[in-house]
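First up is the structure itself, then whatever we jot down about it.
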Amino acid sequence: MSVFDHFAKEERPFVERALEMLSLVERKQAMRLTDFVDPRQLSIFQSLVSQVQDVSVSASGGYEGAERVRIILHPDYLLPEPEDYRIVLLGIKADQRFHSLEHRDVMGALLNAGLKREKFGDMFTDEKYCYSIVVEEVADYVCTQVTQIHRTSVQFERVSWDQFTPPEPRYMEKTITVPSPRIDAVLGEVYNLSRAKALVPIRAGKVKVNWKAVEDPSHQLRAGDMVSMAGFGRFKLLEVAGPTRSGRIRMIVGLVT
């Protein structure tokens with residue numbers, strides 16, 4: 001059985017690149033740093049490390065519990081230091097009296113500035129503060145080039161990690177009832193879509209569960225799953241409660257704000 005048989009077809013290009021990087025580190029006995037990856041991509045690196053010898057996978061997103069991280073592949077005997085990850089915390093100053101910046105606003109501004117998603121990590125928005133974590137090599141570019149978000153003048157500036165306290169995840173809770181925990185049924189209830197309309201993005205590979213594309217509409221969701229659908233955002237299945245009198249399943253989902 002090939003190592004590729006353990007991964008979905010759409011993941012194979014990433015698996016190939018990961019294997020190449022791991023082999024390079026094994027051969028040259030030197031560290032290799034990636035851009036930001038999501039939890040699924042991190043798990044792929046961790047599962048592939050068994051394909052090489054004496055190579056380790058270390059990761060950091062700038063703070064404990066970061067969702068998106070940079071990975072350092074390194075020989076077992078060569079341990080990375082925090083500065084080796086080359087991660088910068090940027091604070092965003094903005095007058096939010098007329099428009100409160102949201103996560104998607106900041107992401108859209110960075111993407112419109114020509115940056116790839118892999119160049120920035122987690123982002124936090126609040127009426128009091130906004131932060132964006134980026135790779136070192138684009139930090140100065142962001143500070144000088146991104147000066148407006150949705151007609152709101154903004155100023156990005158480097159902030160010391162000592163001044164940063166990661167906020168708790170924020171969810172807008174919603175209670176739904178579904179006939180089964182199938183992903184098409186849950187998506188339909190969460191986003192007020194018919195079952196037929198929910199099938200379209202699933203079969204197009206635009207729905208991910210725990211950062212992995214799911215194209216089977218009968219996929220069963222479980223408490224703790226993080227679900228995303230392109231163009232609609234993300235939600236976490238917080239709780240699966242007991243059945244209602246009509247036999248439907250009651251769920252509590254948390255829409256990521």
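Details
- Count - residues of the stretch 229-254 that are open to solvent by 30 Å² or more (accessible area, probe 1.4 Å) and closer than 21 Å to PRO169 by Cα: 10
- Tabulated pairs, the stretch 232-253, first hydroxyl-bearing (Ser, Thr, Tyr), second assigned to a strand (DSSP E or B), C-beta under 6 angstrom, 6+ apart or interchain: THR244/THR177; THR244/ARG250
- In the set (1) open to solvent by 30 Å² or more (accessible area, probe 1.4 Å); (2) more than 25 Å from SER43 (Cβ to Cβ), GLY224 fails one condition alone, (2).
- Restricting PRO39, PRO13 to those that are open to solvent by 30 Å² or more (accessible area, probe 1.4 Å), in contact (Cβ under 8 Å) with a residue 24 or more places away in the chain, closer than 25 Å to SER228 by Cα and not basic (Lys, Arg) reduces the list to PRO39.
- Note on the stretch 59-84: residues that are out of contact with any Gly (no Cβ under 8 Å at 6 or more places or on another chain), farther than 18 Å from ASP162 by Cα and open to solvent by 40 Å² or more (accessible area, probe 1.4 Å) amount to 5.
- Within the stretch 196-210, the residues that satisfy the criterion of being among the basic types (Lys, Arg) and either open to solvent by less than 70 Å² (accessible area, probe 1.4 Å) or under 14 Å from GLU10 (Cα atoms) (or both) are ARG203, LYS206, LYS208.
- Test: residue in the stretch 18-28 that is touching an Asp or Glu at 6+ places or on another chain (Cβ under 9 Å), open to solvent by 40 Å² or more (accessible area, probe 1.4 Å) and either among the hydrophobic types (A, V, I, L, M, F, W, C) or in contact (Cβ under 8 Å) with a residue 24 or more places away in the chain (or both): yes
The values are calculated or read from the model by the stated rules, or taken from the named source; none is laboratory data. Computed from a predicted structure; not experimentally measured. Glycine also receives a Cβ, built like all others from the backbone with ideal geometry; neighbour counts cover every protein chain displayed. All accessible areas refer to the heavy atoms of the entire protein, side chains included, with ligands and DNA or RNA removed. Shrake-Rupley method; radii C 1.70, N 1.55, O 1.52, S 1.80 Å.
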